[in-house]
Amino acid sequence: MTFANLLAQLQAEHKETNYMLAKSLGVHQTTVKNWREGTMPHPAHMRLIEEHFGVSVDELLKADKEGT
């Protein structure tokens, strides 16, 4: 599973749109769209995603390593 797939899964589980997640994290919704398309977030944004979903950065990074 890639980071993008994991992010999509987490959003689905929490019933969050890209817009809702972007607003919660303080980023533009295009940024979330880019993450969903495969761009890796800045480390500071990874921490925000970690806190938001309660998933460790290690899990987020592991998902991407396993997905490649």
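When the stretch 1-11 is limited to residues that are open to solvent by 70 Å² or more (accessible area, probe 1.4 Å) and either in a helix (DSSP H, G or I) or closer than 13 Å to residue 32 by Cα (or both), the one that is modelled with the highest pLDDT turns out to be 9. Contact map, the stretch 26-45: residues that are on the phi > 0 side of the Ramachandran plot paired with residues that are buried (at least 16 other Cβ atoms within 10 Å of the Cβ), Cβ distance under 6 Å, separation 6+ or inter-chain. Pairs shown: 38/4. In the set (1) surrounded by 12 or more Cβ atoms within 10 Å (Cβ to Cβ); (2) at pLDDT 95 or above; (3) part of a helix (DSSP H, G or I); (4) out of contact with any Pro (no Cβ under 8 Å at 6 or more places or on another chain), residue 16 fails one condition alone, (3). Here residue 34 fulfils each of the conditions (1) touching a helix residue (DSSP H, G or I) at 6+ places or on another chain (Cβ under 7 Å); (2) surrounded by 14 or more Cβ atoms within 10 Å (Cβ to Cβ); (3) modelled with pLDDT of 95 or more apart from (1).
The values are calculated or read from the model by the stated rules, or taken from the named source; none is laboratory data. Source: prediction; values computed, not measured. We place every Cβ from the backbone using ideal geometry, glycine too, and count neighbours over all the protein chains shown. Each accessible area value is taken on the protein alone, full model and side chains, heavy atoms only, with ligands, DNA and RNA left out. Shrake-Rupley method; radii C 1.70, N 1.55, O 1.52, S 1.80 Å.
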